[in-house]
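Structure, as structure tokens:
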Amino acid sequence: MTVADDVSTGRAAAKPLDVPAVFKECGLTALVVFGLAVGMVAFRTRDVPGGLEIATRFGSVAAVTVIAFFGRLAVVLLREGRPLPVLATVLPFAVVMLVALLAAQFFEPGTAAAVGAYLPFGDVVVNWIITIVAFGFAGQAAWALRHTGASKKSIKDRERAMDEFAARFQRTARLIGPVLLAVAIVFPLLAFAPETPFLPKVDRRTLDIAILVATYIMLGWGLNIVVGLAGLLDLGYVAFYAVGAYSYALLATHYDLSFWICLPFAGMMAASAGIILGFPVLRLRGDYLAIVTLGFGEMIRVILLNWYSFTNGPDGISGIPRPSFFGLDFVRNAPEGVETFHSFFGLSYSPIDRIIFLYYVILVLALLTNLFTLRIRKLPVGRAWEALREDEIACRSLGINPRNTKLTAFSIGAMFAGFAGSFFATRQGFISPESFTFIESAVILAIVVLGGFGSQIGVVLAAIILIGLPEFFRDLQQYRMLAFGAAMVLIMIWRPAGLLAHREPTIRLPEKPKGESRSGSSAAGAAP
Amino acid sequence: MNAARRPATDNAPLLNVEHLTMRFGGLVAIDDVSFEAADKQITAIIGPNGAGKTTLFNCLTGFYKPSVGRLALNHPTAGKFLLERMEGYRIPWRAGVARTFQNIRLFGAMSVLENLIVAQHNKLMGASAFTFAGLIGLPRYRNAEAEAVELARYWLDLVGLTDRADWDAANLPYGDQRRLEIARAMCTKPVLLCLDEPAAGLNPRESDGLNKLLTYIRDKHGIGLLLIEHDMNVVMEISDHIIVLDYGRKISDGSPEQVRNDPAVIRAYLGEEEDEDLPPEVAADLAAGTDQGGR
């Protein structure tokens, strides 16, 4: 492939274009896309009275194929250092698409339908994606036009630049952190604020989403201990979440214990589960460890599903008591002898009080996880975890007990999942094994990977992106997983270590105390 | 305390290896090797590739359990340890045997200083009362950490890495990584330091610096060094005692002078004259074969 050779030698710009080769490449791409589209796009079954009917979408197939051909052409031209034709064609296309889309959106139905008929695809979202990609191409072409002659950055340079960016971001994060924290503390109180145009409206739905995001942030921080610090890839983290949730639910419903008493128990149960998982997998690493933890997660779920007499099986456990505020319940009418939150403080009853209280509970739990992680990173255990991630054999040669180190990582990570689980149970009031499927583990792991292994603020960002945004945009539900996958692929290409994977040392060499200031002299080893 | 620990005997060598044999299935990697290594001495173990030198180190530092043999270490203060009975990670911790690796094994994503602090894990673990005291920030842990940093600084000064203490270990140049690994091993305060090809890949100036560092460690810290090395300049210049292995067997043992003139060693390194062993017709065929091969 001459084209590929040119790229690898990096002398692409000056060379004349090998037209047949380019057309061959574009044609091949179009052919592959055509083949895929015929299978996946061309036919669909439609429900009609009296059975199913096959609907054809050959127009879309044609559009896909043409777009693939020209898209590939644009890629090739950009690669060959000819951005001008790309810009000249793609930009008008993108602009026309945008105008048409906006027109279809805002004009009266009649006009909209007329305009919509000219758009390449029947689905608005697909059209939007095409438009955005086209703008992306145009932007890239414009960039290449402005920076002609500038050599392309190598992957290593880009890695370094990204790492510097992450480092700068984390340095500012020290300032952003408290601000975010203040926002997190203050914002639920806006629910009580009078309605003004200046303040965002905080209603029950917003608070519910915030609680959900905070739960995932906590889970992400907990899993970060296992995956980010200790480097043990755990695909069954949701199992500990389930253990925590069921511990609280069973203790509370059978023995009538309060949330605050059950919370440590739930943590301990989950930590024990972590140790039980940890023992058999001590010798495993990487892929093998991932497989076993995946199996463990499923085992817990299947046990919960089938041990009917204990866990109530697929019916789940309902009527889980809500947490109380130091013994004050959040109910409108308390039974005899029990004081309620609103009557104690002399307020009128409002159902949102409980939601705000729950929000603060999970906020405190999550911050606890964060503080613990930040602290333990600077302690011998935390450093041993990180050393274990880097090189287990070297750890053994320094007298670190790999077994205990791994088990502490598993159990402490599991403990926080247990806390989060019991919070989940008390918030929902009902749990069943369905809440603890593999996809939950995958999402939590995705938060950690996306945020950057070991990065605390990265987890927050990733949780907001992966959990918060899809909740706000529920209407686009069916594209959620598509965007999820695309984001993952892009990050794996551009930043395999995660968005904000920059590691600050846990300790720096302090300035030498006064006195002898003999600097460690050069390579010779300074041995006199 | 445990079975592996006995009271020390006076005048016993630091390390006493007796009849060490290591088999992997049918392969005998080390075959009945016995030797002694003294403290305040550099004992070099040399031999051609595949002679079993690294296997010997792996037995000593608990990565392999020897098939047969006794590895007795006389710790100057803590008593006598039988290394073959100890769990791997306890050997560096309790018996004070530290090692470096042929292919450098640093904690790449951690800083240089952190590498040296991790090496003092067990001491700090005790000071942090298994994390609980450390978590609430008791002064006892803070003092222990400051001490650990000072020890790290001593070794950083010695290997000339003070200016790069906050670098990621993986970003150091090769020679610095080698020296950092030695410093890291020394931070465990060992009585026996096992170095697996420390001069591999160093330029002459660096390997000269390494010689100085190793003799400094021997003379000032009074510990025993066990050294696997291919670079004969290093070996002959700094070793006090040389052991030669070939195909898992010990073929020579003595001072550098003795070993240098030992015919068995010369045979192992340079090979024997083979022509005289071949029957004449085979030799003729071989000669013809090379002619044909040349076409």
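The values are calculated or read from the model by the stated rules, or taken from the named source; none is laboratory data. Since the model is a prediction, treat every value here as computed from it, not as a measurement. Virtual Cβ from ideal backbone geometry, glycine too; neighbours counted across all protein chains shown.
Within segment B:143-175, the set of residues being part of a helix (DSSP H, G or I), more than 10 Å from chain A (Cβ to nearest Cβ) and either surrounded by 14 or more Cβ atoms within 10 Å (Cβ to Cβ) or of a type in the set (Val, Ile, Thr) (or both) comprises B:GLU147, B:LEU151.
Of all residues in segment A:211-236, which are surrounded by fewer than 22 Cβ atoms within 10 Å (Cβ to Cβ) and at pLDDT below 90? Correct list: A:LEU233 only. Just to be sure, is A:LEU371 more than 12 Å from chain B (Cβ to nearest Cβ) and part of a helix (DSSP H, G or I)? No, not satisfied. The listed residues are A:GLY278, A:GLY295, A:GLY286, and the only one of them that is assigned by TED's automatic domain parsing to the domain that holds A:GLY244 and on the phi > 0 side of the Ramachandran plot turns out to be A:GLY286.
Against the test of being at the interface with chain A (Cβ under 7 Å from one of its Cβ atoms) and surrounded by 20 or more Cβ atoms within 10 Å (Cβ to Cβ), the options B:LEU113, B:LEU195, B:LEU135 yield a single qualifying residue, B:LEU113.
Among the residues that make up segment A:388-406, is at least one of them more than 16 Å from A:ILE211 (Cβ to Cβ), of a type in the set (A, V, I, L, M) and surrounded by fewer than 24 Cβ atoms within 10 Å (Cβ to Cβ)? Yes. B:ARG178: more than 9 Å from every other protein chain (Cβ to nearest Cβ), surrounded by fewer than 23 Cβ atoms within 10 Å (Cβ to Cβ) and under 21 Å from B:ALA44 (Cα atoms), yes or no? Judged against the criteria, B:ARG178 is not a match.
Does B:GLY88 satisfy being within 11 Å of chain A (Cβ to nearest Cβ), part of a loop (DSSP other than H, G, I, E, B), within 21 Å of A:SER397 (Cα to Cα) and touching an Asp or Glu at 6+ places or on another chain (Cβ under 8 Å)? No, not satisfied. Against the test of being modelled with pLDDT of 90 or more and within 14 Å of chain B (Cβ to nearest Cβ), the options A:VAL381, A:VAL364 yield a single qualifying residue, A:VAL381. Selection of helices (runs of 4 or more DSSP H) fully inside segment A:250-329 by the criterion of at least 3 residues being within 24 Å of A:ILE225 (Cβ to Cβ) returns A:259-278, A:286-306. Return a yes/no flag: does segment B:61-74 have any residue that is of a type in the set (Phe, Trp, Tyr), in a helix (DSSP H, G or I) and in contact with a Gly (Cβ under 8 Å, 6 or more places away or on another chain). No, because not a single residue in segment B:61-74 is of a type in the set (Phe, Trp, Tyr), in a helix (DSSP H, G or I) and in contact with a Gly (Cβ under 8 Å, 6 or more places away or on another chain).
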